[in-house]
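Below is one structure; the comments refer to it alone.
The values are calculated or read from the model by the stated rules, or taken from the named source; none is laboratory data. All values derive from a computational prediction rather than experimental measurement. No Cβ is skipped: glycine too gets one built from the backbone with ideal geometry, and neighbour counts run over all protein chains shown. Side chains are part of the model used for accessible areas, which takes the heavy atoms of the whole protein and leaves out ligands, DNA and RNA. Shrake-Rupley method; radii C 1.70, N 1.55, O 1.52, S 1.80 Å.
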Amino acid sequence: QVTLRESGPALVKPTQTLTLTCTFSGFSLSTSGMCVSWIRQAPGKALEWLAVIDWDDDKYYTPSLKTRLTISKDTSKNQVVFIMTKMDPVDTATYYCARGGYTAEFDYWGQGILVTVSS
Amino acid sequence: QSALTQPASVSGSPGQSITISCTGTSSDVGGYNYVSWYQQHPGKVPKLLIYDVSNRPSGVSNRFSGSKSVNTASLTISGLQVEDEADYYCSSFTSNTIPVFGGGTKLTVL
């Protein structure tokens, strides 16, 4: 059974750095072809793909936010860490981690974590 | 990377069929057979409906089908049901080796 769960702060202040952790089970990120993505959804808005990390430790980011994003993995802990710097109120959104990425197929999703950026 | 273009809303009556379009370019939808569709009910997590243009994951109703022509992918829902009322998103692999989502379509079942 594949599960993913996001954890991190629900509230961050403008200019601060957001760190989210995705803890998953039911698959291994050391298996060839596996990858985990981060996707966000601002209130009332569309899904926006942010970043992916794969079994080979290759990483890709959405171009518009590339300078602010970092994704990493700890295979032994079955965790993927997502970092976004210089948070702004417009970054207020529900952040999801999901299995998949390169083929645009996200077959399992976490429940999401609502992150509010406010002073 | 520009978002894929979807109609903001579509509607239909129970039992009818509706189609939602997802228009991209030759650098995404038209260039690869990697288009997926997701259903999202209010307050819920997106659910994968279709992958690789026309494949359904196990457990997804065969009332949902996908297709593609040139740069436009389509999701067809046949035998519309009240519980199909939701937001629908397409996504595609792109030439930048990253995926992109569409702007979403709100389906209303009248």
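Here is the size of the protein assembly as shown from its Cα atoms: Rg then Dmax, 17.2, 51 Å.
Interface of B with A. Using a 1.4 Å probe and counting protein heavy atoms only, the two chains hide about 1700 Å² of accessible surface, both sides summed. Of the residues making up the range A:87-119, those losing 50 Å² or more of accessible area when the isolated chain is joined by the remaining protein chains, with a 1.4 Å probe, are A:Tyr102, A:Thr103, A:Ala104, A:Glu105, A:Phe106, A:Trp109. By the rule of a second cysteine Cβ within less than 4.7 angstrom, the protein assembly as shown holds isolated cysteines at A:Cys35. Place a point 7 Å from Cα of B:Thr108 in the direction of its Cβ. Which residues in the range B:7-26 have their backbone N less than 20 Å from it? Flagged as within label range: B:7-21. From the Cα gyration tensor of the range B:66-110, with a ≥ b ≥ c the square roots of its eigenvalues, which class applies: rounded if a/c is under 1.5, or else prolate if a/b is larger than b/c, or else oblate? Verdict is prolate for the range B:66-110. Of the residues A:Tyr96, A:Tyr60, A:Tyr108, the one that moves most in a GNM of chain A with alpha-carbon contacts below 10 Å is A:Tyr108.
Among the trypsin sites (Lys or Arg not before Pro) within the range B:41-77, those in coil by DSSP and having at most 15 neighbouring Cβ atoms inside 10 Å are B:Lys44, B:Arg63. Computed over protein heavy atoms with a 1.4 Å probe, the accessible surface of the range B:57-110 works out to 39 Å² per residue. Alpha carbon centre of the range A:19-47 versus the range B:86-110: separation in Å? The range A:19-47 and the range B:86-110 have Cα centres spaced 17 Å from each other. Legend: Rg and Dmax of the range A:58-111, from Cα coordinates, 12.4, 34 Å. Per-atom-type breakdown for the protein assembly as shown gives carbon and sulfur 47% of the accessible area (1.4 Å probe, protein chains only).
Expressed in units of 2.2 N^0.38 Å, where N is the residue count, the Cα radius of gyration of the range A:29-98 is 1.13. Across the cross-link table entries B:Lys44/B:Lys106; A:Lys73/B:Lys44; B:Lys68/B:Lys106, which are compared at the Cα atoms, the separations over 23 Å belong to A:Lys73/B:Lys44. Straightening the chain between B:Val45 and B:Thr97 buys 16.3 nm, computed as 0.36 nm per residue apart minus the Cα-Cα spacing.
How large is Rg/Rh for chain A, to two decimals, with Cα atoms and a Kirkwood Rh? My calculation of the ratio gives 0.95.
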